[in-house]
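The values are calculated or read from the model by the stated rules, or taken from the named source; none is laboratory data. Please read all numbers here as calculations on a predicted model, not as lab measurements. Neighbour counts are summed over all protein chains in view; Cβ atoms, including those assigned to glycine, are modelled from backbone coordinates with ideal geometry.
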Amino acid sequence: MSHVKKTRDGAVRMRLEPEEVALLRALMEQLLALIGEAPGKDDELASMGIAENATTPDDPVLARLFPDAYRDDGTSATEFRRYTEMGLRDGKREAAGIVLASLAGPESEIVLDEKQAQAWLRALNDVRLALGTRLDITEEWYEEAENMSPDDPRAPMFAAYDWLTSLQESLVRVLW
């Protein structure tokens, strides 16, 4: 299990097991693939942060990561999405990239400054939302996980979700 603490100089120091580092890398890479690449610089509207064809994603995970601002007004939701979604995607890409950069070395001890730690919190939250959506996590998920057979193909992802929750909570505790 990971160990998270704040140092005297205000940095956040985490010690992760090699398996935890590998899991985080894989999940962040999957998150980046799900969010997709940034549009090309030759797209004039995109260069201003405006999406030409902004619609609610069909993928339930993307719809959870980028929810409609107006649930009862499709026209307003589409217009709002048109002007905000690209910036949200950029922010999620940046946070996941910061996590991946932190995990680039072979070390299992990671030192983060305040900005990096905040990016970690955002990226961990995004991965938890994605996993939670795929697993259909509800308030009773702990009971479901406790009663789950070890042979259940979802068991490793429930364990990953639980570990991510614990890591995120540890980060929150040392930052506040």
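Please find, among Thr84, Thr133, Thr75, Thr138, the residue that is in a loop (DSSP other than H, G, I, E, B), of a type in the set (S, T, N, Q) and either surrounded by fewer than 18 Cβ atoms within 10 Å (Cβ to Cβ) or touching a residue at least 60 places away in the same chain (Cβ under 8 Å) (or both).
Thr138
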Practice prompt. Go through region 94-107 and count every residue that is surrounded by fewer than 16 Cβ atoms within 10 Å (Cβ to Cβ) and part of a loop (DSSP other than H, G, I, E, B).
Written response: 4
Worksheet item: Right, Ala123: in a helix (DSSP H, G or I), free of Cβ contacts under 8 Å to residues at least 40 places away in the same chain, crowded, with 17+ Cβ neighbours inside 10 Å and touching a helix residue (DSSP H, G or I) at 6+ places or on another chain (Cβ under 8 Å) or not?
Response: no
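When you check Arg13 against the structure, is it surrounded by 12 or more Cβ atoms within 10 Å (Cβ to Cβ), touching a Leu at 6+ places or on another chain (Cβ under 6 Å) and not in a loop (DSSP other than H, G, I, E, B), yes or no?
No, not satisfied.
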Discussion item. I'm told Ile110 meets every condition in (1) at pLDDT below 90; (2) over 23 Å from Phe66 (Cα atoms) except one. Can you identify the failing condition by its number?
Written reply: (1)
Worksheet item: From the set of residues in region 141-170 that are under 21 Å from Val99 (Cβ atoms) and hydrophobic (A, V, I, L, M, F, W, C), which is surrounded by the fewest Cβ atoms within 10 Å (Cβ to Cβ)?
Response: Ala159
Discussion item. Please go through (1) over 27 Å from Pro156 (Cα atoms); (2) crowded, with 17+ Cβ neighbours inside 10 Å; (3) modelled with pLDDT of 90 or more for Gly91 and return the number of the only condition it doesn't satisfy.
Written reply: (2)
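Restricting to region 141-169, count the residues that are among the charged types (D, E, K, R) and assigned to a helix (DSSP H, G or I). Outline the logic, then answer.
Filtering region 141-169 for residues among the charged types (D, E, K, R) gives 143-144, 146, 151-152, 154, 162, 169.
Next cut, assigned to a helix (DSSP H, G or I) only: 143-144, 146, 162, 169.
Number satisfying all stated conditions: 5.
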Item to complete: Within region 108-119, track down each residue that is in contact with a helix residue (DSSP H, G or I) (Cβ under 9 Å, 6 or more places away or on another chain) and either loosely packed, with under 15 Cβ neighbours inside 10 Å or closer than 22 Å to Ile50 by Cβ (or both).
Response: Val111, Glu114, Lys115
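Those residues that are hydrophobic (A, V, I, L, M, F, W, C) and either within 22 Å of Ala26 (Cα to Cα) or in contact with a strand residue (DSSP E or B) (Cβ under 9 Å, 6 or more places away or on another chain) (or both), I need them from region 146-176; list them, please. If you could, list the steps in order and put the result at the bottom.
Of all residues in region 146-176, those hydrophobic (A, V, I, L, M, F, W, C) come to 148, 155, 157-160, 163-164, 167, 171-172, 174-176.
Correct list: Ala155, Met157, Phe158, Ala159, Ala160, Trp163, Leu164, Leu167, Leu171, Val174, Leu175.
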Discussion item. Cβ contacts < 9 Å: first residue closer than 25 Å to Glu114 by Cα, restricted to region 12-41; second residue part of a helix (DSSP H, G or I) and among the basic types (Lys, Arg), any location; separation 6+ or different chain. Result?
Written reply: Leu31/Lys92; Leu31/Arg93; Leu32/Lys92; Leu32/Arg93; Ile35/Arg89; Ile35/Lys92; Ile35/Arg93
Item to complete: Taking Val61 as meeting all but one of (1) touching a residue at least 60 places away in the same chain (Cβ under 8 Å); (2) exposed (fewer than 14 other Cβ atoms within 10 Å of the Cβ); (3) over 20 Å from Leu171 (Cα atoms); (4) in contact with a Lys or Arg (Cβ under 8 Å, 6 or more places away or on another chain), write down the number of the exception.
Response: (2)
